[in-house]
1. Check whether at least one residue in region 294-317 is at pLDDT 95 or above, surrounded by 24 or more Cβ atoms within 10 Å (Cβ to Cβ) and over 21 Å from E206 (Cβ atoms), and report yes or no.
2. Yes or no: region 8-16 includes at least one residue that is surrounded by fewer than 24 Cβ atoms within 10 Å (Cβ to Cβ) and either within 30 Å of K489 (Cβ to Cβ) or hydroxyl-bearing (S, T, Y) (or both).
3. Please go through region 324-337 and give me each residue that is surrounded by 24 or more Cβ atoms within 10 Å (Cβ to Cβ) and either closer than 15 Å to T395 by Cα or among the charged types (D, E, K, R) (or both), ordered by number.
4. Filter region 514-530 down to residues that are out of contact with any Ser or Thr (no Cβ under 7 Å at 6 or more places or on another chain) and in a loop (DSSP other than H, G, I, E, B) and give me whichever is farthest from F557 (Cα to Cα).
5. Step by step: first the residues of region 11-41, then only those that are within 30 Å of M482 (Cβ to Cβ) and of a type in the set (G, A, S), then the one that is nearest to the chain's Cα centre (by Cα). Which residue is that?
6. I'd like to check which strands (runs of 3 or more DSSP E) are fully inside region 131-177 and have at least 2 residues that are in contact with a Ser or Thr (Cβ under 7 Å, 6 or more places away or on another chain) and in contact (Cβ under 8 Å) with a residue 24 or more places away in the chain.
7. If you go through region 212-232 one residue at a time, do you hit one that is under 22 Å from the mean Cα position of the chain (by Cα), on the phi < 0 side of the Ramachandran plot, in a loop (DSSP other than H, G, I, E, B) and not β-branched (V, I, T)?
8. Can you find, within region 555-612, the residue that is farthest from T38 (Cα to Cα) among those that are assigned to a loop (DSSP other than H, G, I, E, B) and free of Cβ contacts under 8 Å to residues at least 24 places away in the same chain?
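The values are calculated or read from the model by the stated rules, or taken from the named source; none is laboratory data. These figures come from a predicted structure and were not determined experimentally. Heads up, the Cβs are rebuilt from the backbone with ideal geometry, glycines too, and the neighbour counts pull from every protein chain shown.
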Amino acid sequence: MAKTLTEKILGAHLLEGEPRPGEQVAIKIDQTLTQDATGTMAYLQLEAMAVPEVKTELSVSYVDHNTLQMGFENADDHRYLQSIAEKYGLYFSRAGNGICHQVHLERFGVPGKTLLGSDSHTPTGGGFGMISIGAGGLDVAVAMTGGPFWLTYPRVVGVKLTGELNDWVAAKDVILTLLKMLTTKGNVGTVMEYFGPGAETLSVPERATITNMGAELGVTTSVFPSDRVAKAFLEAQGRGDVWQELAADADAEYDRVVEIDLSAVEPMVAQPHSPDNVVPVREIAGLKVDQVCIGSCTNSSYKDLATVAGILDAKAIAPNVSFVVAPGSKQVLRMIADDGHLAKLVAAGARVAEAACGFCIGMGHAPASEAVSVRTSNRNFKGRSGTMSALVYLTSPETAAVAAWKGEFLDPRDAGIPYPRVAVPATFTVDDDLISHVHDPDAEIVRGPNIGEPPTNVPLPDELEAEVTLKVGDKITTDHIMPAGPRLKYRSNVEAYSQFVFEGVDATFAARAKENAAQGLHNVVVAGESYGQGSSREHAALCPMYLGVKTVLAKSFERIHAANLVNFGILPLTFRDAGDYEKLEAGDRLKLENLHQKLRSEKRLTVKNETKGYSLEAAHNLSERQIAIVKAGGLLNYQRSQS
């Protein structure tokens, strides 16, 4: 039978379950990655599992998020991570070496392998034929012990690319076009698989931009074939020996096929405050710009920054613009320095940031109040930049560079200058000096005072009495639940970090939830559609669990967050009748009875609203294994019970 590329790779890694869309399956994980904002908790959980070393083919711990080191907390985390890497046998990528997704693509990714990362943009590796999936840190910790990763077997949507991009149109415009078509909702349980003659015209960095930002669609992952383009990229990295040719069979059948003619794509922009609020750049031409930030794991490759340097060569940025450039890796920084592109950027007025996530997660370079900030990153959620009133627009590097020069939005095709064509180098500068790989089982683990223990949960009670502690709307992101930016330094200290749960939504939530829990009353969060969009940060489940949240009742959930809720013993339920969402109010007292038996025997539960005297029906789609995890109070408890 003809197979898609997704089916081939998943089939080669299948351990349990039937490979049918919607079924729970377990797959073998070859590689893992963590970053420092999620890694500290992942490794605390790894320690709790009491294994002597990691059992994957390769696991890498990256430091790329908390690199400003405002206070001792981040630096202490980095020392902890390095000591863990030595004790358990991980590769360790130090601060300054670059963003995990960019570096992993350059130095570690292998076509045909599976990669599980504690970051939602792990699908970047799909740019050359990996099945790369973002997950919560606890799932990654289990994979490092040699355990399987459980997921819902996906539907595969084919994206047929034809034609070729015109000058001034970039890969970022392709994924923005797809986001405009498919939106951020309704794509859970799907893999986007790219094929067709147009795919062959895109370089690996361009493909990686598309697979990276495919995370905003809410899909499980995205993947391109491993072809001659992938081979050339890996050979240029000195890793041609890991290449293998991989593609879908010619007559493979997809759940559906979306066609994009690359020659018809035009420069696009995602307007505030969602990556799918997309229009052509020409529609907002003339809008004044206050800040331009170029970089992030989406658009910080050599090709991206060399193109920007070519556009700004012998030009100065507009006097009203603050212009920031952040290379994706030490390799990129060295190469643009050696080639003279860095000098052009500095001469134009760029503020050069370190090779890190930085502005993308609100870690520095927050824009002014009510500023228009143009960014090449992947998310423009309200407040994510560090400034709640800022208006963040997502564009390609080409559009961003022209905006920095002109001080306003302009379709870059109307810039009146030649387009600087940049080829992917035949040879990249390889410099792995900031990557270490030392395995010493006797290494001492270094813990600073900010590093706590992973909190434990209690089993799910058979009868749940709870209060609707908070009601929120649609598209609540993990940034809404657990703020990033300066709060990131508390990631390894759940007690401290939990003070900021829903800080930007309702600053009283944490105190009220904690008070309810102290009185033996559980907490329920009621939400609209697509609850848990965005980052994979498991703290958006872990910290609410710490505050006594036992259930989230929503119209729909995003994949990673729903899995994280289960992993920490929080019951994710959906409304069977969406109209019931309107009836519930904060402060309502709810009761769920006979939970243990009903979860096993039924896919729906009765929720009594004791405040208003009526009942509603809620549904779940948990597998038997997931039910057992929730009943146990989370995955750590479940793992211990199985050993």
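1. No, there is no match, as no residue in region 294-317 is at pLDDT 95 or above, surrounded by 24 or more Cβ atoms within 10 Å (Cβ to Cβ) and over 21 Å from E206 (Cβ atoms).
2. No: region 8-16 contains no residue that is surrounded by fewer than 24 Cβ atoms within 10 Å (Cβ to Cβ) and either within 30 Å of K489 (Cβ to Cβ) or hydroxyl-bearing (S, T, Y) (or both).
3. Those that are surrounded by 24 or more Cβ atoms within 10 Å (Cβ to Cβ) and either closer than 15 Å to T395 by Cα or among the charged types (D, E, K, R) (or both): V325, K330.
4. Only one residue fits best here, namely Q519.
5. Start the filter on region 11-41 by keeping residues that are within 30 Å of M482 (Cβ to Cβ), which leaves 22, 24-27, 29-41.
Then keep just the ones that are of a type in the set (G, A, S); that gives 22, 26, 37, 39.
Details: G22: 22, A26: 21, A37: 12, G39: 14 Å.
Residue satisfying both the conditions and the ranking: A37.
6. Working: elements: 131-134, 149-152, 155-162.
Hits in region 131-177: 131-134, 155-162.
7. The answer is yes, given that some residue of region 212-232 is under 22 Å from the mean Cα position of the chain (by Cα), on the phi < 0 side of the Ramachandran plot, in a loop (DSSP other than H, G, I, E, B) and not β-branched (V, I, T).
8. E610
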